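First comes the structure, then the notes that go with it.
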Amino acid sequence: MDVDRQLSLAVSTVIFALRPHPISGRSVVSLPLVRRTREPFAERWALPGGWADPAEGLEQTAARNLVETTGVRPGYLEQLYCFGAPERSPSGRVVSVVYWALVAPEQTDADREADNVRWFAADELPELAFDHNLIVEYALWRLRNKLEYSQIAHALLGETFTLSELRQVHEAVLDRELDPANFRRQMESSGALVATDERVVGGRHRPPRLYRYDSAAALVDHGPLTEHHGLARAGAPTITPAGEDADHGLR
């Protein structure tokens, strides 16, 4: 055993949002990737990431890397998994702590993409650098499973929404149609939604009521660690490109 082989720690993030498919126009789960500008895997797309900073927590590093590489400030950020296969990086022994994030549509803007930052449909990715295809596949699996029993859809919506809009989020994430009547009954009986006094104005039919999620229930339950976590929803930021000397997406 080579006990002298150096071990490096990195932090990467999978960030999901619902965006129109470039061909069909329907809402699909999408994510931003950064183009690598150096070897290994130069010119390939990769997840936003960077080396762990000894001066800050891993969650803070993940959030900072997202802002620096994509300009996105997530409303939901949670640790996904630790990927540490010995040969996952040809440049050395690298262990990546991966986070996954969710943002509402208004926090993304196709017009703000750049040469080295681009949004892709999560189910239609090119071959990515390192093991990032596997990481995205696992993150999608987690998202689709967690949607069934948590309030995670909240992070993909605005503060208020109609039941139809909520159903469309579920359909986009699960990639299948849902019966509107059954979905309404399930959501109204879940206890997670609060009906507001507001309705959507305009239209030829009865204006639909707006709902919000019960703010007493957190998107992520960290138990005793709750006071050390939490990211506030921010306004739509500007996406800035990873520069020619950027080392993002390395891991």
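Here are a few things to note about the model shown:
- Placing +1 on each Lys and Arg Cβ and -1 on each Asp and Glu Cβ, with no other charges, gives the range 1-160 a dipole about its Cα centre of roughly 120 debye.
- The simple Förster model, with R0 at 35 Å and r as the Cβ-Cβ distance, assigns residue 184 and residue 81 a FRET efficiency of 0.55.
- With θ taken as phi - 60° and the Karplus curve 6.51 cos²θ - 1.76 cosθ + 1.60 applied, the whole-hertz 3J(HN,Hα) list for the range 180-192 is x, 5, 5, 5, 4, 4, 5, 5, 5, 8, 6, x, 8 Hz, x standing for glycine and proline.
- Whole-Hz couplings from phi, Karplus 6.51/-1.76/1.60, listed for the range 129-136; x for Gly and Pro: 6, 6, 9, 5, 4, 5, 4, 5
- Amide H contacts under 5 Å for residue 14: 99, 100, 101, restricted to partners 5 or more places along the chain or on a different chain, H placed in the peptide plane at 1.01 Å from N.
- The peptide list 175-187, 25-37, 146-158, 62-74, put in order of mean Cβ contacts within 10 Å with the highest first, becomes 62-74, 25-37, 146-158, 175-187.
- Efficiency of FRET from Cβ geometry, residue 121 and residue 160, R₀ 30 Å, rounded to 0.05: 0.65
- Here the simple spin-label model places points 7 Å from the Cα toward Cβ, and for residue 43 and residue 175 these points are separated by 2.9 nm.
- Using the Karplus relation 6.51 cos²θ - 1.76 cosθ + 1.60 with θ = phi - 60°, the per-residue 3J(HN,Hα) values for the range 9-20 come to 10, 10, 10, 10, 9, 9, 10, 10, 8, 8, 9, x Hz, with x marking Gly and Pro.
- For residue 28, nonlocal amide neighbours, meaning residues 5 or more places apart or on other chains whose placed amide H falls under 5 Å from its own, are 19, 21.
Coordinate-derived values only; no laboratory data. Since the structure is predicted, the reported quantities are computational estimates derived from the model, not experimental observations. Using ideal geometry, Cβ is built from the backbone for each residue, glycine included, and neighbour counts are taken over all protein chains shown.
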